[in-house]
Amino acid sequence: MLSMITEELPDAPLYYTVDHLSSTIRCNMPSLLQIRSAILHSGYRVSLSHACQTAIKTDAPSSVIWDIMRCWEKMKPVKREKLSESSPAYHILGKEPVLRACFDIRADANPKSRIRHMKRFQENPEANWGPKARAKVGGGISAALEERRKQNQNKRKSPQDAADLKNFPCKRFKEGNCTYGERCCYSHDTGFHAEEDNPCDHPATSEGDKRCEGPTHCPETSEGDKQCEDPAHHPAAEEGE
């Protein structure tokens, strides 16, 4: 990277970006070798820049640069009928170039650092490097980000949560197609499925109420009779309901 900086023009503080020049006149972008060769053929100096990958530094005036881009557009023409009359491309391409640019590749258009495949731009210092949390005045992170981080903590299932699933019956085991066996997170106890086969349609009693919750649950039910025989278990039976 330092070798590339030493190759830059010391008396050219500013630079052009080739992609920006091309987008201004709505044409395809020439390669760096082509645009650098055209500037050298015009009798001016040119170099690359460490600040941007598509940047060029040159002592050529802007009129020469735009003449080169006009000549390039004649080689790669754009559809003039689609250009708005108020657009910069319409006014720039409306003038004929004074300079006839030559885009033949010159040997000195390619700098030594590029020929030797030296590192031209700094790589990321670490994996997944990039923009991170917005800096907070005085250090730390913002209060909103800290609150969001607390809300998202412990979102993954813990081993304790997985163990709690044993309190629920496995529906696939009931159907006979559970392939996990003992590794299944749900219970394979047949008692769970027996209760599911005979669900209670009666509303659950309140806590502490020892009354029967349904006729099939009443121990006083006679054999074969599904109605509760003890009116003390069902107060509504005393009123004839």
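The values are calculated or read from the model by the stated rules, or taken from the named source; none is laboratory data. Everything numeric here is computed off the predicted structure, so don't read it as measured data. All Cβ positions, even for glycine, are placed from backbone atoms using ideal geometry, and neighbour counts span all protein chains on display. When the accessible area is computed, the model is the full protein with side chains, heavy atoms only, and any ligands, DNA or RNA have been set aside. Shrake-Rupley method; radii C 1.70, N 1.55, O 1.52, S 1.80 Å.
A single member of 67, 11 is touching a residue at least 24 places away in the same chain (Cβ under 8 Å), surrounded by fewer than 14 Cβ atoms within 10 Å (Cβ to Cβ) and more than 36 Å from the chain's Cα centre (by Cα), and it is 11. Every condition in (1) of a type in the set (A, V, I, L, M); (2) at pLDDT 90 or above; (3) open to solvent by less than 90 Å² (accessible area, probe 1.4 Å) holds for residue 98 except the one numbered (3).
Each residue in the range 71-81 was checked for being open to solvent by 30 Å² or more (accessible area, probe 1.4 Å) and in a helix (DSSP H, G or I), and 4 of them qualify. Among the criteria (1) of a type outside the set (A, V, I, L, M, F, W, C); (2) without any contact (Cβ under 8 Å) to a residue 40 or more places away in the chain; (3) part of a helix (DSSP H, G or I), the one residue 84 does not fulfil is (3). Applying the condition of being assigned to a loop (DSSP other than H, G, I, E, B) and open to solvent by 50 Å² or more (accessible area, probe 1.4 Å) to the range 32-60 and asking which residue is farthest from residue 108 (Cα to Cα) yields 51.
Inspection of the range 176-191 finds a residue satisfying the criterion of being within 37 Å of the chain's Cα centre (by Cα), modelled with pLDDT under 85 and exposed (fewer than 10 other Cβ atoms within 10 Å of the Cβ).
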